[in-house]
Every structure is written in structure tokens, then in C-alpha cells.
Amino acid sequence: VIVEATTMSTSGNIKDDGTVTAAGRGGVCIPSKDKNAQFRKLKAIQDNQTCFDCPATRPTWASVTYGVLLCLDCSATHRSMGVHLTFVRSLDLDEWTQSQIDAMRLGGNRNARSYFRKHGYTDLYGGKPDKKYKSKAAVSYRAELAKMVTAEAAKRGEIVASKEEATENGKSLLDNLDAIDQKNEQEEAKAKLEAAKKKGTSAGVLQPKAKLASSMSGASKLLVTKPANGGLGTLRKPTSSSSGLLKKKPSTAGKLRINKLSMKLPVNGVGGGGDDDDKFEDIEQTQQNAKKAEEEAKQKAEDTAMAKKLEEEMYINGTPAAPVTNVVEPPAAPVPTPAPKETAPKAPKVALPPSKEENIAKLKSMTSDFWSQM
């Protein structure tokens, strides 16, 4: 009896204080020393140092079903989902079997994150956890992980597995999952093709549903019959009812209404405009008048400049200049001289030059005579 108890204590089912751990049906717990040694290696992996469902660090719980490490809060969420979806264990407080540790070794947070993200779960920290673990990807992941754990147990001789379960192909968990996904996609495509063949239509080909015009009601009106005499036939004059559709009532008085403003338009080349045309100014005549006025202003400015120049030439330094050629100078008006007094004779006076007013009058007279000869 003592030997038997010692053997059980070595297996880890019975502790030194006499308490018994639950290892599951037919399972045997490994000693705590071996368990802790293996978990130290698993905890050293970088991806296992954060919780699978949240950013919490240094997780101390795990889901054996998916082989992922969890924090204390997320482990409570997993417990609420039920053991049929996820089986939770504590890394430090619970006893573990070798198969359970194999699930953690073969799975791990890195493989689980990669597979779930591949199937559309990019935000592993958000959303409802039960939706994630009830998905098709979760079912495939936990099934393939359980198959690989069974193969490891059969290799150690702990269980007797079927030939398919005990076969080890040497591939990783993700490689096996990729092969399974490809196989499932091929089977789904084949099933869709078989279903399409049963319906009598080829997959992915749309059948026309439009009807011909000849098969619709009233199609006889669209048919063109050949004349009985074999000729081309004669053109028939349209009836009054049909020709009325081709006629358009002319507008009154040829007026076109645009934005509440009416204007007269010519009808058949006659009319339009009317008396209103006289109210518009002729553009060509306006341009000619403007040009003529500009020439007159220019000529006036030239005449003024020439007169000023002549005046300056005539009175340079107070003496009159040389007479202008080809200009007929009119006789100057006689200047009245005062009558000599009967007093004693005086010395004769020296003739003074004409005054400024006389010179200006003379210049105006010369200018008027000059332009009158032009």
C-alpha cells in the first residue's frame, strides 16, 4: 500500500497534505516541479507575455482549449462562456497534465493571433469575446489543436489513438490549418458547382430575361407587310388626325418671350425692328463725328502754337523780328499826333517804337490775313 501511495504521489495526483487534484478522465497530473519548469520556458516567449484578449502583461491564466495565455479578468470572461467553448486553468494554482501543457506548447498566443487575424479578426482586443470563440475560425483552430495534442499523447503511449490521429506529418499548427482551409474552400466550390448543375445553369453565368419585341402585346403594329402587287407600294397621305401631330401652331405675331421681355422677330424676312430702329445711333456715323472733332481740336492746338511762336519771334529782346515771307502785311492804321503848340519850337522828338497793344493788333491782323489766303 505504501508503494502504491508513493507512486501516485510521484504522478502528482495526490499532494503531500493528502488532497487529490482533478486531471480529467484517464489523465495524470505531472509533478509541480516539472510543470513549473515547462511554464517558465513558455512564459519567456515574447508573444506569451501579454494577454490574448487584452493588452495586460504577465498573464497567469490560460485557456487550454486554444492554448493561449490570459489575464485574471479575461479568464473570468472565459469561465462565463462555459467549458464547451473554453477550458480555463491557472498556471500557478492548478495542476496540469502533460497533454494540457502540450496544448500550450503547440498553440501559443502567436499562432492564435496569426490565424484569427487571417480570418478577419484584426482587432483581437475589441468586440464580443463569445462571438470570436463561436466563429468558424475558432472551431477549426481548436479542432486541429486537439488533433495534434492527441498525436503527441499517442506518441508517448498514454492513449491508443486511431491511425489518422496518431499520424504525425511534421508540420506546424498553422501549416495544417492552411491545408485544411484550402481543402474546405475546394469542397465548398465543388458543392456550389454541383448545385448549379442540378438547376440546369452554369455557375456564374447570367441568363437573359428580356423579351423580344415581336412577342409582346401589340407587336402587329410594328410589322411591315409586303405589297400584294410585288412593287414597292405607294406612299399614303397621312390622315388629318395623324398629320395634326406633325404640325405646330405658330406663335402669334412672331414674338419670342424671353424672361418676361418681348422682342419682335422678322417673319419670312418681313417685319421685325419697326420704328424702334430709328432710336438707335448709327455706330459708323458716331465714329466719323468723333474723328472729325478730334482733328478739329488738333488743328486748333496747332494754330495756337504757331501764333504763339510768331509772337515770340516778332518781339525778341524788345525789337520786331524779320517780316514773314509770303505774307501781305496790311497798312498800319495812322497814329494821330497832337497839334504843335504855338509856343517856341522845341527839339524834335525821337520816334518811339509802337506800343504793345499796337503790336498785338498788328499781329492779329497779319494772322487773319494769312489764314484768309489759305
- Filter result for Lys132 (more than 14 Å from Asp102 (Cβ to Cβ), open to solvent by 30 Å² or more (accessible area, probe 1.4 Å) and at pLDDT 85 or above): no
- In the range 107-121, the residues that are polar (S, T, N, Q) and under 13 Å from Ala137 (Cα atoms): Asn111, Ser114
- Residues being open to solvent by 30 Å² or more (accessible area, probe 1.4 Å), within 21 Å of Ile180 (Cα to Cα) and in contact (Cβ under 8 Å) with a residue 40 or more places away in the chain: count how many of those fall in the range 107-129. 3
- Task: Filter the range 58-99 for residues that are within 19 Å of Val28 (Cβ to Cβ), in contact with a helix residue (DSSP H, G or I) (Cβ under 8 Å, 6 or more places away or on another chain) and open to solvent by 10 Å² or more (accessible area, probe 1.4 Å) and give the result.
- Result: Val64, Arg89, Glu95, Gln98, Ser99
- Query: Among the residues of the range 158-177, which ones are in a helix (DSSP H, G or I), at pLDDT 65 or above and open to solvent by 50 Å² or more (accessible area, probe 1.4 Å)?
  - Reply: Asp175
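The values are calculated or read from the model by the stated rules, or taken from the named source; none is laboratory data. Quick caveat: nothing in here was measured; it's all calculated off a predicted structure. Virtual Cβ from ideal backbone geometry, glycine too; neighbours counted across all protein chains shown. Remember, those area values only see protein heavy atoms, side chains included, never the ligands or the DNA or RNA. Shrake-Rupley method; radii C 1.70, N 1.55, O 1.52, S 1.80 Å.
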